[in-house]
Amino acid sequence: MKRKKIFVIALLIAAILLGFLREYIFVSINHVIESGGNANGNLSILKWVLTFLFTLLYFALTCGFLFMLFREKKHIRLAVFVYAVLVGVSFIAAVTGFLIASFDSVYPFIRTVMGIAQSPIVMMVLIPACLLNEAKLLHKKG
């Protein structure tokens, strides 16, 4: 039990530090882009690569939390589903915007959805939701 608490605390610290690291990197990149230092577009490409990297890292942290707290695959599958929906919605919005209007018209929406995916928001929603589900199942059995 003590090891579980230590691991959960370590995951919590990792999530917080990852958030600070992500914020620092993206603010720095955006500052360079806004000051005209992205003439060839490499930083914009780097932002997309980093977006998916941070999404994967937060996905891994979310799965780690869910596994440590519940030890059930159904909760991991729920996390996979939620992240797949977030990435899928972003991708569909990007393609739709590119084909119908312009990518710039849908970029704020994509940025918001992917911002959720690369933050602890999903984790903060899934953990209480899974706790409520487990409590509901225990109540039905009892």
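Annotations
- Charge-dipole axis of the chain as Lys and Arg at +1 and Asp and Glu at -1 on Cβ define it, positive-most pick from I25, I127, T96: I127
- Here the convex hull built on the C-alpha positions of region 1-94 has a volume of 84 cubic angstrom per residue.
- Cα gyration tensor category, rounded, prolate or oblate, for region 10-54 with a/c compared to 1.5: oblate
- Screening the chain for whole DSSP H helices of 24 Å or more along their axis (Cα) with average Kyte-Doolittle hydropathy at least -1.0 returns 2-34, 42-70, 73-100, 121-141.
- Which listed pairs, of K73/K136; K4/K47; K5/K73, have C-alpha distances above 27 Å, in listed order: K4/K47
- Whole-number percent relative contact order across the chain, with pairs defined as alpha carbons under 8 Å at least 6 apart: 26
Every number in this text was worked out from the coordinates using simple rules, so none of it is lab data. Just so we're clear, the structure is a prediction, and the values are computed from it rather than from any experiment. Backbone-built Cβ (ideal geometry, glycine too); neighbour counts: all protein chains shown.
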